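The values are calculated or read from the model by the stated rules, or taken from the named source; none is laboratory data. Here the structure is a predicted model, which is why all the values come from computation and not from measurement. Note: ideal-geometry Cβ built from the backbone for every residue, glycine included; neighbour counts use all protein chains shown.
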Amino acid sequence: MLNSYLPKIAVIKNIKIQTPEVILFTLQLKNKEDQKNFKFIPGQFIEVGLPSFSEAPFAVCSNPDDSNKNFQICVRKAGQLTKKIHQLKINDQLTVRGPFGNGFPENLTGNILLIGGGLGLVPLRPLILANQNNKNFKMQIFYGACEAKDLIFKDEYKTWQKSANLALTLDKQCPNWKGNVGLITTLFDKIKVDSSATAILCGPPVMYKFVIQKLKQAGLDDANIFLSLERRMHCGIGVCQHCSIGSKYACKHGPIFSYQELKNIPGAI
Amino acid sequence: MDKKQLQKFIKWLQEKNYIVIGPIKEDGQILIKPINEPSQLDFSGQLPLYSFKKFLVPSREILFKYKKDDFKADLTAFKQALIGVSIFDLKAILLYNQVFEKDPYYQARLNNTLIIGQSQIPQFQSLSFKVWEDKYEEDILEHLQFDIFLGQAKEKKSSEFKIFTGSKKGQQILNDFTKQSGWKSDFEHIEYAGPIKEQGANPEMTKIKEKMPGSLETDIWQNLDQRCIECGKCTIVCPTCFCFSLADQPCLNKDEGMRKKCWDSCFYAEFSEITGGHKFLKNTAERIYNWYYHKFVRIPDEYNFPGCVGCGRCSMVCPAGIKIHEVLESIKNKK
Ligand SMILES: Cc1cc2nc3c(=O)[nH]c(=O)nc-3n(C[C@H](O)[C@H](O)[C@H](O)COP(=O)(O)OP(=O)(O)OC[C@H]3O[C@@H](n4cnc5c(N)ncnc54)[C@H](O)[C@@H]3O)c2cc1C
Ligand code: SF4
Ligand code: SF4
Ligand code: FES
């Protein structure tokens, strides 16, 4: 029987500072065979741990096509564990369990609108990277951050723009910023959204209510709006109850849910 | 089988290296503990304060030990015989068997555990703990998982047991005992027919389940919000509560320690708290609602049977005097 609680060891292969608070780590499972067989669906998460400092959930954010070689997580310094992770160096080790959860719907086609707020861009990145040459896919990306220094994956925007329509916004006006200023919802007033699009949202909980309003105004179907939910997690496999949402578990039935599934569950959004 | 033979059987199990665990009377309370002497066992049918929960899901268990790169899970379990498991607690084990179906630690323990149920048959003995209407029909044994069941005939009180087996393991053990002890075997095998009765889901459960969602604003929860002190006693004592957290415990030696799985309680404020301090279960009303929701909606949705076996232990220990049957009554009567 598979022991879901026993982690695998991953070695840090690369470290890339994104913002003063956020670091991108490239990891490789120590066991070569395990790495070769590692697969994930964009939107899925792994439990990353540091022995003596426990574990926490993080979205796998690299291109799924590279997952037989390595994979990436992007970690924001938030507490004890993440502070410790930020101190690690290349060749240091972490523990990994998973991937867990359902991931975004597969085989998406047509107009896809990705909406990321802050660190919410992290789980969207594998979708962007995997579909750069996808002819069935028309990608539009709305991304908002607080200030210019908070933008993550900055050096990739140019490449993304070859296949996607990327719109950025900052909450505050920053020096040398020529783009949009205002909350992410203000992008909807400037850029037309196709009513038949599939929208995928990830961001801080406060963002959802307002963005969903905009999407409804644009005529999107509840079943075509997907969002990623954050909850406290421990087991990752639908047993410990920490992440329950009504009769569902964020770790097992999510973290990606359609708005249709969630709209009648009190406290879900 | 009479009491003498049962005692012989227990001794025989102990000789076979089983740790025998069952109800014993201590300071006026019935506790569940490992026993030395078979005569210590209490077969009065009185409900023990705690259930057998901790013998299948310990309050703390080591998931693995780590030493630098070396991560080791220990899945060995000692042989134990849980004896005198009431119908309530058998139902709780039935739930656990499904919840922990893919948990190798639980399964290893279960494989090394002999479950010996006990109750008066066919009627259920302890109607004083009636929490919610759940008829204990004669066919109840078909819907429980046990190895051996000691049925106490009503009229003969506890002097004579009718023996049932519910698994190959139970049959094998009784056959072995028969061969070695000369006991005249007279046991009946009960084929497990799944957790749900032929008639389908429990109608009483369905009634409560339908009334639960969307009821957070009602007086019921606001009233409990004022009374419950979030001590978590009800969750500890409940045979079906199984929330847990994972935590690391480092050793003094560098790079050494263990990851543990520990009982948790959804009544505690930090249960749903994420970094930054946001809580998804914001206040007592939401947390106690979540507890009831888990037992009467979430578990029924997942397994089609109730997450409360009706033992009444939570009512007995609650320092605030919250009685589950009263809460359920008000949920049912809600318009
Ligand atoms: C599905 C999912 C994906 C995520 N992806 C990312 C990501 O890609 N990048 C990123 O930086 N962050 C991500 N997070 C948030 C991240 O898990 C928390 O920031 C992290 O738990 C903080 O850990 P800490 O030990 O430093 O915080 P502390 O506040 O010191 O400790 C929090 C403790 O709470 C527990 N906990 C469990 N789950 C959570 C949770 N979701 N939030 C907070 N505490 C939790 C853990 O036991 C943890 O040790 C994600 C969360 C979820 C649910
Ligand atoms: S009556 Fe109370 S203690 Fe017993 S199973 Fe139900 S909720 Fe748990
Ligand atoms: S035992 Fe009573 S007071 Fe304590 S948490 Fe349970 S309901 Fe609340
Ligand atoms: S993390 Fe344990 S149930 Fe979801």
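Look at region B:229-242 and say how many of its residues are near ligand 3 (Cβ under 6 Å from one of its atoms) and surrounded by fewer than 21 Cβ atoms within 10 Å (Cβ to Cβ). Show your work before the answer.
Here is the first cut: in region B:229-242, the ones near ligand 3 (Cβ under 6 Å from one of its atoms) are B:229-234.
Keeping just the survivors that are surrounded by fewer than 21 Cβ atoms within 10 Å (Cβ to Cβ) gives B:229-233.
Residues meeting the conditions: 5.
Among the residues of region B:304-311, is there at least one that is surrounded by fewer than 19 Cβ atoms within 10 Å (Cβ to Cβ), away from ligand 1 (no atom under 16 Å from the Cβ) and more than 17 Å from B:K207 (Cα to Cα)?
Applying the first criterion (surrounded by fewer than 19 Cβ atoms within 10 Å (Cβ to Cβ)) to region B:304-311 yields B:304.
Add one more test, that the residue is away from ligand 1 (no atom under 16 Å from the Cβ), and what stays is B:304.
Narrowing the set further to residues that are more than 17 Å from B:K207 (Cα to Cα) leaves none.
Checked region B:304-311: no residue is surrounded by fewer than 19 Cβ atoms within 10 Å (Cβ to Cβ), away from ligand 1 (no atom under 16 Å from the Cβ) and more than 17 Å from B:K207 (Cα to Cα).
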Quiz prompt | Single unsatisfied condition, B:I21 versus (1) more than 14 Å from chain A (Cβ to nearest Cβ); (2) not in a strand (DSSP E or B) | solution = (2)
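Could you list, in sequence order, all residues of region B:293-326 that are within 16 Å of ligand 3 (Cβ to nearest atom), more than 14 Å from every other protein chain (Cβ to nearest Cβ) and not in a helix (DSSP H, G or I)?
Hits for region B:293-326 are B:C308, B:C311, B:G312, B:C318, B:P319, B:A320, B:G321, B:I322, B:K323.
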Quiz prompt | Condition met for B:C262 (part of a loop (DSSP other than H, G, I, E, B) and either at pLDDT below 95 or under 21 Å from the mean Cα position of the chain (by Cα) (or both)) | solution = no
Quiz prompt | Unmet criterion (only one of (1) over 16 Å from B:R298 (Cβ atoms); (2) under 18 Å from the mean Cα position of the chain (by Cα)) for A:Y249 | solution = (1)
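Every residue, every condition in (1) at pLDDT 95 or above; (2) at the interface with chain A (Cβ under 10 Å from one of its Cβ atoms); (3) outside any strand (DSSP E or B), yes or no:
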| site | (1), (2), (3) |
| --- | --- |
| B:I236 | yes, no, yes |
| B:T240 | yes, no, yes |
| B:K254 | no, yes, yes |
| B:G257 | yes, yes, no |
| B:F267 | yes, no, yes |
| B:F271 | yes, yes, yes |
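Determine, yes or no, whether A:Q213 is more than 18 Å from B:F280 (Cα to Cα) and out of contact with any strand residue (DSSP E or B) (no Cβ under 9 Å at 6 or more places or on another chain). It would help to see each step written out before you state the result.
Details: more than 18 Å from B:F280 (Cα to Cα): yes; out of contact with any strand residue (DSSP E or B) (no Cβ under 9 Å at 6 or more places or on another chain): yes.
Here the answer is yes, as A:Q213 does meet what is asked.
Residues checked against (1) within 16 Å of ligand 4 (Cβ to nearest atom); (2) β-branched (V, I, T); (3) without any contact (Cβ under 8 Å) to a residue 40 or more places away in the chain; (4) touching a Pro at 6+ places or on another chain (Cβ under 9 Å):
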site	(1), (2), (3), (4)
B:A247	yes, no, yes, no
B:M258	no, no, no, yes
B:K261	yes, no, no, yes
B:E270	yes, no, yes, no
B:I274	yes, yes, yes, no
B:L281	yes, no, yes, no
B:H294	yes, no, yes, no
Self-check item: Answer from A:K83, A:K89, A:K77 - the residue that is within 14 Å of another protein chain (Cβ to nearest Cβ) and touching a strand residue (DSSP E or B) at 6+ places or on another chain (Cβ under 8 Å)
Solution: A:K77
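Do the conditions hold for B:I208, that is, is it of a type in the set (V, I, T), surrounded by 14 or more Cβ atoms within 10 Å (Cβ to Cβ) and within 30 Å of B:L328 (Cα to Cα)?
On the way: of a type in the set (V, I, T): yes; surrounded by 14 or more Cβ atoms within 10 Å (Cβ to Cβ): yes; within 30 Å of B:L328 (Cα to Cα): yes.
Considered against the rule, which asks whether it is of a type in the set (V, I, T), surrounded by 14 or more Cβ atoms within 10 Å (Cβ to Cβ) and within 30 Å of B:L328 (Cα to Cα), B:I208 comes out as yes.
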Quiz item: For region A:234-269, what are the residues that are more than 16 Å from ligand 2 (Cβ to nearest atom), buried (at least 21 other Cβ atoms within 10 Å of the Cβ) and of a type in the set (S, T, N, Q)?
Solution: A:S244
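Looking only at region B:201-231, how many residues end up being part of a helix (DSSP H, G or I) and either within 16 Å of ligand 4 (Cβ to nearest atom) or in contact with a helix residue (DSSP H, G or I) (Cβ under 7 Å, 6 or more places away or on another chain) (or both)?
Keep residues of region B:201-231 that are part of a helix (DSSP H, G or I), which gives B:203-211, B:219-227.
Narrowing the set further to residues that are either within 16 Å of ligand 4 (Cβ to nearest atom) or in contact with a helix residue (DSSP H, G or I) (Cβ under 7 Å, 6 or more places away or on another chain) (or both) leaves B:205, B:207-209, B:211, B:220-222, B:224-225.
The qualifying residues number 10.
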Self-check item: Boolean, A:L2 is within 14 Å of chain B (Cβ to nearest Cβ) and without any contact (Cβ under 8 Å) to a residue 40 or more places away in the chain
Solution: yes
Exercise. Tell me which residues, restricted to region B:273-292, are part of a strand (DSSP E or B) and basic (K, R).
Key: B:K279
